[in-house]
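Shown next, in structure tokens, is the structure this report addresses.
The values are calculated or read from the model by the stated rules, or taken from the named source; none is laboratory data. Keep in mind that this is a model prediction, so the values were computed, not measured. Quick reminder, even Gly has a Cβ in these numbers, built from the backbone with ideal geometry, and neighbours come from all protein chains shown.
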Amino acid sequence: MAVQWYPGHMKKANDEIREALKKVDVVIEVLDARIPVSSSNPMLKKLRGAKPCVKVLNKKDLADPEVTCRWIEAMEQEENVRAVAIEALKKKEVVRVKQLAMGLAPNNLKRGVRALVVGIPNVGKSTFINTLAGRKVAKTGDEPAVTKHQQQVRIDGGPKGFDIADTPGVLWPNLADHRGGIRLGATGAVRDTALDYLEVAPLAVVDLLTHYRELLVTRYKLKVVPEVGLELLAEIGKKRGCLRKGGIVDLHKAAEIVCKEIKAGDLGRISLDWPEDYPEEESPSTI
Ligand SMILES: Nc1nc2c(ncn2[C@@H]2O[C@H](COP(=O)(O)OP(=O)(O)O)[C@@H](O)[C@H]2O)c(=O)[nH]1
Ligand SMILES: [Mg+2]
């Protein structure tokens, strides 16, 4: 993994978030719309307690719209939680998050509403803050963990104002959940160079086969569709000419192609976490 999370770092991040939460009225939790559970932090729900929360399903342009709708519905079952799908570069959609946050905050505040933006690396927190602020206040990038220091940003002043703070420290994803780790890898939340393509791709293609068989068959022009991950990957490799001497399929090359194309959204709009895979009591974010 590009970012190593050690118990010491996790404790520090936990303490920082706990302190930062005391100062705010609302939490804005940014998630990757394709993997709203796998891209969540396992401790956040507990840390947040009863504090109101807007769950932002960002990168909706890459996710399956129908699945995203169902996630929103499921998330809003929780009291004091609103959920919305956005593209962080679209001002109108980002402003909607602000409106939802203001609607959840106590209405007797003399000062403006204060919100804390939280989320694991690479979900689009900085992009969101920049779009809302209308200027580049937070560094963005395709690399996880770009934000190292907390930043406070005034969006509007006065009693009707709105202030946001970026996550202090770095929140980690649920490292105990292997399935989630694979999905984080497949969507590019974990940096390419550190990714073991051959570990991610066979499981990712089986994931895709479950819900997006047609997209997979169309993209790779598959005639034969094996159910076993490595065999399916080999079939894709053949179609893409990933062959070594003697006609042996170069699985590594095939795995790299598949990972890059899923990450780029080349297969179409896909969601890897589905609400029915996560009954409430088993949700990793409630651990
Ligand atoms: N397709 C798509 N990409 C996005 C969106 N929001 C952010 N990104 C990209 O995701 C990457 C990580 O964004 P960044 O704001 O740095 O994430 P942070 O680590 O959470 O602050 C960048 O390459 C962004 O351009 C979105 O709504 N759609
Ligand atoms: Mg950032």
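Could you list, in sequence order, all residues of region 244-287 that are modelled with pLDDT under 90 and of a type in the set (S, T, N, Q)?
S283, S285, T286
Would you tally the residues in region 145-157 being modelled with pLDDT of 75 or more and part of a loop (DSSP other than H, G, I, E, B)?
1
Among the residues of region 22-40, write down those that are at pLDDT 95 or above, among the charged types (D, E, K, R) and over 13 Å from V84 (Cβ atoms).
Once the filter is applied, which keeps residues that are at pLDDT 95 or above, among the charged types (D, E, K, R) and over 13 Å from V84 (Cβ atoms), region 22-40 yields D25, D32, R34.
Which members of region 97-135 meet the condition of being among the charged types (D, E, K, R), surrounded by 14 or more Cβ atoms within 10 Å (Cβ to Cβ) and away from ligand 1 (no atom under 13 Å from the Cβ)? Let's see the steps before the verdict.
As a first pass, look at region 97-135 and keep what is among the charged types (D, E, K, R): 98, 110-111, 114, 125, 135.
In the following step, the residues that additionally are surrounded by 14 or more Cβ atoms within 10 Å (Cβ to Cβ) were identified as 98, 114, 125.
Residues satisfying the conditions are K98, R114.
Take the residues in region 121-144 that are small (G, A, S) and near ligand 2 (Cβ under 9 Å from one of its atoms); name whichever of them is modelled with the highest pLDDT. Spell out the reasoning first.
Taking region 121-144 first, the residues small (G, A, S) are 124, 126, 133-134, 138, 141.
Okay, now just the ones that are also near ligand 2 (Cβ under 9 Å from one of its atoms), so 124, 126, 138, 141.
Details: G124: 94, S126: 90, A138: 75, G141: 62.
Top of the filtered list is G124.
If E214 passes every condition in (1) charged (D, E, K, R); (2) under 27 Å from the mean Cα position of the chain (by Cα); (3) assigned by TED's automatic domain parsing to the domain that holds P121 but one, which one does it miss?
(3)
Given the options D273, D207, name the one that is within 26 Å of R70 (Cβ to Cβ) and either of a type in the set (G, A, S) or outside any helix (DSSP H, G or I) (or both). Walk me through how you get there before you give the answer.
Details: D207 fails: either of a type in the set (G, A, S) or outside any helix (DSSP H, G or I) (or both).
Testing whether each residue is within 26 Å of R70 (Cβ to Cβ) and either of a type in the set (G, A, S) or outside any helix (DSSP H, G or I) (or both) leaves just D273.
So, of the residues in region 158-175 that are small (G, A, S) and at pLDDT below 85, which turns out to be nearest to the chain's Cα centre (by Cα)? Walk me through it before giving the result.
In the first step, residues of region 158-175 are kept if they are small (G, A, S); the result is 158, 161, 165, 169.
Among the residues that remain, those that are also at pLDDT below 85 are: 158, 169.
Values: G158: 33, G169: 17 Å.
Step by step, filter region 158-175, then rank; the result is G169.
Of all residues in region 98-126, which are within 28 Å of A186 (Cα to Cα) and without any contact (Cβ under 8 Å) to a residue 40 or more places away in the chain?
The answer is none; no residue qualifies.
Does region 65-87 contain any residue that is buried (at least 24 other Cβ atoms within 10 Å of the Cβ), assigned to a helix (DSSP H, G or I), touching a residue at least 40 places away in the same chain (Cβ under 8 Å) and within 16 Å of ligand 2 (Cβ to nearest atom)?
Going through region 65-87, the residues buried (at least 24 other Cβ atoms within 10 Å of the Cβ) turn out to be 71.
Applying the additional criterion that residues be assigned to a helix (DSSP H, G or I) yields 71.
Checking the rest, the ones that are also touching a residue at least 40 places away in the same chain (Cβ under 8 Å) come to 71.
Okay, now just the ones that are also within 16 Å of ligand 2 (Cβ to nearest atom), so none.
No: region 65-87 contains no residue that is buried (at least 24 other Cβ atoms within 10 Å of the Cβ), assigned to a helix (DSSP H, G or I), touching a residue at least 40 places away in the same chain (Cβ under 8 Å) and within 16 Å of ligand 2 (Cβ to nearest atom).
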